[in-house]
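Written below as structure tokens is the structure these notes are about.
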Amino acid sequence: MENRVATPKRSAGSPRAKDQPTAAVARPAILAGRRLAQRRPRGDRSADTRRRAIDAVVECIAEMGYPGATASEISRRSGLTWGAVQHHFGDKDGILAAVLEESFSRFTETLDEVPTGGPLGERVAGFVRCAWRHFGSPHYRTTFAILANLPPDPTAPWRERLLAAWTDVWKRSFPETRLPPGRTRSLMLYAIAVLTGLAGLQALNRASLGPIEAELGWLEETLLREIGGDAAR
């Protein structure tokens, strides 16, 4: 009689062999899970894309001037396709507006560091140095280049926004001043003009401009004389 080997019976709860995932099938699933775990949230990727595009525009204009900020150069520096840039900003005007918005935010944050206590001389010096940190930066050179290429518009909102931020920190830093509003506005515009002029010289000829401590010191002396003289009267 032929000996037959009994085939073990499969229990009711045991999966069939074909139901069990093989290593070849399971491996892609595991790798896909790892890819999903490593993938950043969409919001983070979007913020990173915007950051790279804005930084590229700032670099282009700061190094090559306003005409240098072409679509191809922005794409090259950011590592993004122009289509990706358009997806986030619409067009070139859209990304330039985003650069301006960020520059104004940086300006406000920098002025928030101006000291509001201590002797008047220290506050004036802190005011000038904090302001120059912004005006002397690539972001401001980019901002100035963009604004200089906009159509002339005396009612442009950025003008009042700039003065509003300047006025706010002025009042907090120099509460003792009693200058008439018109003279205060003229003094603020004078400070902006001096800092913008120094930034322009720096952009035009950085190598020969050299230290500007003397120029910043003269601005401090003027502000101290005007504000301190008014407080003493």
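The values are calculated or read from the model by the stated rules, or taken from the named source; none is laboratory data. What you are looking at is a predicted structure, and each value in this text was computed from that prediction instead of being measured. For neighbour counting, all protein chains shown are included, and Cβ atoms are generated from backbone atoms with ideal geometry for every residue, glycine included.
Per-structure values
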{"item": "Extreme residue, farthest from THR143 (Cα to Cα), among residues of region 203-233 that are surrounded by 15 or more Cβ atoms within 10 Å (Cβ to Cβ) and modelled with pLDDT under 85", "result": "ASP230"}
{"item": "Residue check, PHE135 crowded, with 19+ Cβ neighbours inside 10 Å and either free of Cβ contacts under 8 Å to residues at least 40 places away in the same chain or within 28 Å of GLU59 (Cα to Cα) (or both)", "result": "yes"}
{"item": "Qualifying positions in region 74-121 - under 20 Å from HIS134 (Cα atoms) and of a type in the set (Gly, Ala, Ser)", "result": "ALA97, ALA98, SER103, SER105"}
{"item": "Inter-residue pairs, beta-carbon under 8 Å, first closer than 13 Å to LEU216 by Cα and in region 187-205, second surrounded by fewer than 13 Cβ atoms within 10 Å (Cβ to Cβ) and not aliphatic (A, V, I, L, M), 6+ apart", "result": "none"}
